[in-house]
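Worksheet: one structure, shown below.
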Amino acid sequence: MAGQKQEREAVPVSHDADDVDDVLVTGAGRHVGWLARGPANGTPVLYVHGWPGSRLEQCLIPGQVLRRFGVRLVSVDRPGYGNSEPLAAERSARVADVLAIADALGIDRFPVMGFSGGGSNILTLAAVAPERITRVVCVSGEMPWDDDDAIATSQPDQLAEVAMFRAGRTSELEEANRQFRSAFLEDVIGALSGMTATLSRREQSWYSQQWVKDTIVAEVTEG
């Protein structure tokens, strides 16, 4: 309870016996990485990670939490991240990977959760396959860059890059990504310091745990 000191249990970045980390080869021949955690008979929830990230992002939710609530959390590497092959296509085609994983696992209808850059993906998924989605949970979701209203409240440094993003795959964008990747992987936690400095006191308490930082480094490096 508030005001009482509590000992925090270290939560290692590891998998339980029921967890599955695998790669699906779709009917179209695409390789799609996915990770399922939680009780095998739990309620399926599909998870789409942010940027930069990977299917391992879901490990920020401890296994004991999934077991407590009976959730089978299935995360999917977005195209070009982790074990998923790149796919140059519209969002409506890119979210098909999530449906492919759900089909392979025999999951007909399911709630879907998207974090940060996964936000626009799950909203697109709900739009193209409403008969499959029972609930949409958008966590700090980043909206599509092609909608001026959606990005109106973005950070100034993000808005300054809109023109480059909208130009598509250019040498300028590729070079910017190379520089970002190099700097980010050199010091993942340091690269996030600007964002994490804005966390609330309660969030800072969670983020300060070593297992949380280790998980973030692992999932970003994998991505």
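The values are calculated or read from the model by the stated rules, or taken from the named source; none is laboratory data. Bear in mind that the values here come from a model prediction, so they are computed numbers and not experimental data. Counting neighbours? That spans all protein chains shown, and the Cβs are built from the backbone with ideal geometry, glycine included. All accessible areas refer to the heavy atoms of the entire protein, side chains included, with ligands and DNA or RNA removed. Shrake-Rupley method; radii C 1.70, N 1.55, O 1.52, S 1.80 Å.
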### Task
Among residues belonging to region 129-150 that are modelled with pLDDT of 95 or more and β-branched (Val, Ile, Thr), point out the one that is nearest to Pro52 (Cα to Cα).
Val137
### Query
Restricting region 3-62 to residues that are surrounded by 15 or more Cβ atoms within 10 Å (Cβ to Cβ) and more than 25 Å from Val136 (Cα to Cα), which is modelled with the lowest pLDDT?
Val11
### Test: residue in region 79-91 that is open to solvent by 50 Å² or more (accessible area, probe 1.4 Å) and touching a residue at least 60 places away in the same chain (Cβ under 8 Å)
yes
### Query
Among Glu219, Glu142, which is the only one that is in contact with a Ser or Thr (Cβ under 6 Å, 6 or more places away or on another chain), closer than 22 Å to Tyr81 by Cα and in a loop (DSSP other than H, G, I, E, B)?
Glu142
### Summary
Conditions (1) within 20 Å of Pro86 (Cα to Cα); (2) in a helix (DSSP H, G or I); (3) open to solvent by 70 Å² or more (accessible area, probe 1.4 Å) -> Leu125 fails only (3)
### Task
Can you give me the number of residues within region 205-223 that are open to solvent by 70 Å² or more (accessible area, probe 1.4 Å) and not charged (D, E, K, R)?
4
